[in-house]
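Quick note: the coordinates plus some simple rules give every number you see, no bench work behind them. This one's a predicted model, so the numbers in the text were calculated from it and none came from an experiment. Cβ placement follows ideal geometry from the backbone for every residue including glycine, while neighbour counts extend to all protein chains displayed.
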Amino acid sequence: MTQSDQRGPKSAQALLRQPLFEMQRPTLEAVAEMNGKLYEGIAAMNKEWTSFVNRRLKEDFGIAEQLAACTTTEDMLRTCTGYVRTAWTDYQSGLEQMTRLNSALAQQTLSALQSHMDRAVKHSSDTGPQAGDTA
C-alpha cells in the first residue's frame, strides 16, 4: 500500500464518488436546498423587519416635533390619537406580514424536504433490493 493510499482519495471529486457519500447524496442535496430556502426566507424577514423599524422610527421621532407645534390641548390630543392609531395599524400590519413570511418559509422548507423524500423513496423502490440483501 502506498502512502497516498493510506491518506485516502486525493481530490474532492474522488471523495464524493465513495460509496458512503453516494449513499448520503440525497440527504446532502435536501439539506442544501433547505438551507437555501431558509436563507431566502430569513433575508425576506430581515428586509421586512428593517423596513418596519425604519417606518416606526420616523413616526416616533416625528411625534415630538408635531407635539411641539400644537397650540391647544385639543391639538395635542388629536396628534397623540393619530400617533397611537398609526402605531397600532403599523404594528398590526407588521405582525401580519411577519406571520405570512414565517408561514411561507415553513411551507417552502417542508415542501423542499418532502420533494427530496419522495425522490429518495422512488429511487429506493426503483432500485429494489440489492444483491446480498435478505428479506
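Residues of region 79-102 that are surrounded by 14 or more Cβ atoms within 10 Å (Cβ to Cβ) and under 21 Å from Phe61 (Cβ atoms): Thr79, Cys80, Tyr83, Thr86, Ala87, Asp90, Gly94. Taking the criterion of being hydrophobic (A, V, I, L, M, F, W, C) and outside any helix (DSSP H, G or I), the residues of region 65-123 that qualify are Ala69, Cys70. Of the candidates Leu105, Leu110, the single residue that is surrounded by 10 or more Cβ atoms within 10 Å (Cβ to Cβ) and in contact (Cβ under 8 Å) with a residue 24 or more places away in the chain is Leu105.
How about region 29-68: which of its residues are within 22 Å of the chain's Cα centre (by Cα) and basic (Lys, Arg)? The answer is Lys37, Lys47.
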